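A short worksheet on the structure shown next.
The values are calculated or read from the model by the stated rules, or taken from the named source; none is laboratory data. As the structure is a prediction and not an experimental result, all values here were calculated from the model. As a convention, Cβ positions derive from the backbone with ideal geometry for all residues, glycine included, and neighbour counts pool all protein chains shown. Each accessible area value is taken on the protein alone, full model and side chains, heavy atoms only, with ligands, DNA and RNA left out. Shrake-Rupley method; radii C 1.70, N 1.55, O 1.52, S 1.80 Å.
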Amino acid sequence: MGKNPQASVEAGAVDTHCHLFLLPGEPASAVEAARRAGVARMICAGIDPGSSRRSVELAESFRGVFATAGMHPHTASDLDDTGGAEIEELLGNPLVVAVGECGLDHFRMKSPAPDQERVFRLHVGWSREFDKPLVVHVRDSWDDAIRILDDEAAERVVLHCFSGGPDVAVACAQRGWFMSFAGNVTYPKNEHLRQAASVAPADRLLVETDSPFLAPQTMRGRDNEPADAMAVVEELARVRATDAGEMLATTTANALTAFPGLR
């Protein structure tokens, strides 16, 4: 495997989770706007075999864009042998820096819980096999998600769009897992997320947009974009009573640790 051609991307914020393929406009426009805002790297997260392949295509097209490959819990029931083989093939690509997004969602329950668990465990195995971090979606299912990750002895875990409170943050930090905060940390009702961000160790913090979803409070009503990751950096800095520049440096360094393929 040769040297990663994207290793020379300039320093800047890392949007550790976005869905460029879901944005209404051209991905090139969002990538350029992100660069102007100071976001140097973006991880485009696949949610099924097709979108995972599209994420790889985007990573191959734009400097500073990387991909993940996996199956979202909403569609876990649809993952068959063919789809699994497609994801495995993509995971061998050096521009695919993580396995997922995968996990559990007991809020919408679009796939039955047993199917979600089966596919989640499969992804943990892929993470180990391909030596890549696991990007985990958890909604209304923290106890079960932590149990499965513990059962499978998962180590390289990134909790995407972290939704737990401070007690969950402490439990996850004790396991060495990364917690990625999105624009919803700015919503007035989400004090539990700000409390979680305040108690999480600084070296476990990441930022993301989950764009086009979860636009920060000051931008509610429009599609979120990777450029808006800077608003999350600023909110984490405010919550932790630190300088935004320091928070930017911290979360960028953490992203390079959590996702070695970004280097």
### Summary
Toy charge model, Lys and Arg Cβ at +1, Asp and Glu Cβ at -1: the stretch 1-113 dipole around Cα centroid in debye, rounded to 20, equals 480
#### Entry: FRET efficiency, 1/(1 + (r/R0)^6) with R0 35 Å, evaluated for D115 and E26 via beta carbons
0.50
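For the stretch 108-224, what is the accessible area per residue in Å², given a 1.4 Å probe and the full set of protein chains? It would help to have the intermediate numbers written out before the result.
Details: 5040 Å² over 117 residues.
With the other protein chains kept in place, the stretch 108-224 gives 43 Å² per residue.
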### Query
Helix-derived [θ] at 222 nm for the chain: sum -39500 (n - 2.57) over DSSP H runs of at least 4, divide by residue count, nearest 500?
-12500 deg cm²/dmol
### Query
Which percent of the accessible heavy-atom area of the chain goes to carbon and sulfur, probe 1.4 angstrom?
50
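Taking only C-alpha pairs under 8 Å that are 6+ residues apart, what is the relative contact order of the chain in percent?
Working: 572 pairs, mean separation 53.4, N = 263.
This gives 20 percent for the chain.
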### Query
With labels modelled as points extended 7 Å from the Cα through the Cβ direction, what inter-label distance (nm, one decimal) is found for D167 paired with E129?
3.7
### Message
With an 8 Å Cα cut-off and a minimum separation of 6 or more residues, compute the relative contact order for the stretch 187-263 in percent.
### Response
29
